[in-house]
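Remarks on the structure that follows.
What follows draws every value from the coordinates through simple rules; no lab data is involved. All values derive from a computational prediction rather than experimental measurement. As a convention, Cβ positions derive from the backbone with ideal geometry for all residues, glycine included, and neighbour counts pool all protein chains shown.
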Amino acid sequence: MAAMSKLDDASWHDTATHIGLFVAWTIMNDLWKGEASQAAAVTKVRRRSMTGQQFLLQQCDGKLTSGDLTAKGAGFAESYYPKQYIKDYRRLLVGKQATDYAVEDTWENYHRLAEAIDKHWRKHQAERG
């Protein structure tokens with residue numbers, strides 16, 4: 001993989017919910033590399049006592065980069081996140097709400113979206129043998 005790329009940044013939006021849901025998914029699926037100083041917060045996300053959005057804002061300054069992820073995670077994120085992720089997010093969570101930013105940062109929303117991410121992850125893995 002080439003140089004680290006910024007996948008998304010909360011400062012580009014009025015919310016970080018969509019980024020946080022993806023970050024939580026990477027943590028739950030052992031695709032988050034992060035830093036040793038984030039270990040306690042990673043555990044909180046895994047125990048669902050901290051959301052992915054809270055983690056993103058407190059531990060990552062609101063930024064998601066490929067460097068935060070394992071090699072497999074970065075490969076997946078770089079292909080899925082910019083092309084399909086926001087479409088899945090909008091289809092499953094935004095629906096008839098006035099804006100993408102109206103989606104609540106909840107574990108229920110995480111689970112709804114995680115099923116779609118899981119599907120794309122399995123397809124990504126199958127394509128790479």
Among the GluC sites (Glu not before Pro) within segment 1-106, which fall in a DSSP loop and have no more than 16 other Cβ atoms within 10 Å of their own Cβ? 35, 104
Under DSSP loop assignment and at most 10 Cβ neighbours within 10 Å, longest trypsin sites (Lys or Arg not before Pro)-free interval of the chain: 48-95
Volume per residue, Å³, of the convex hull around the alpha-carbon atoms of segment 40-82? 83 Å³
Qualifying lysines (Cα of each under 17 Å from Cα of residue 63; at least 8 residues distant if same chain): 6, 33
Can you list which of the DSSP-assigned H helices in the chain have a Cα extent of 15 Å or more along the long axis and an average Kyte-Doolittle score of at least 0.5? 17-28
How many nm is it between the label spots at residue 46 and residue 125, if each spot is 7 Å from the Cα in line with the beta carbon? 1.7 nm
Could you estimate the translational diffusion coefficient of the chain from the Stokes-Einstein equation, with Rh from the Kirkwood formula over C-alpha pairs, at 25 °C and 0.890 mPa s, in whole µm²/s? 167 µm²/s
Listed residue (97, 20, 114) projecting farthest to the positive dipole end of the chain, Cβ model: 114
Among all the aspartates and glutamates, which ones have a C-alpha under 13 Å from residue 44's C-alpha, if same-chain residues fewer than 8 places away are not counted? none
Summing -39500 (n - 2.57) over every DSSP H run of at least 4 residues in the chain and dividing by its residue count gives a helix-only mean residue ellipticity at 222 nm, to the nearest 500 deg cm²/dmol, of -14500 deg cm²/dmol
With the 8 Å Cα cutoff and a minimum separation of six or more residues, the chain has a relative contact order in percent of 30 percent
Using a Gaussian network model of the chain whose springs link C-alpha atoms within less than 10 Å, name the residue from 61, 100, 88 with the highest mean-square fluctuation. 61
Tell me, in nm to one decimal, what length is gained between residue 100 and residue 5 on full extension, where the rule is 0.36 nm per residue of separation less the Cα-Cα distance? 31.8 nm
Pick from 17, 70, 99 the residue whose mean-square fluctuation is largest in a GNM of the chain, springs joining Cα atoms under 10 Å. 99
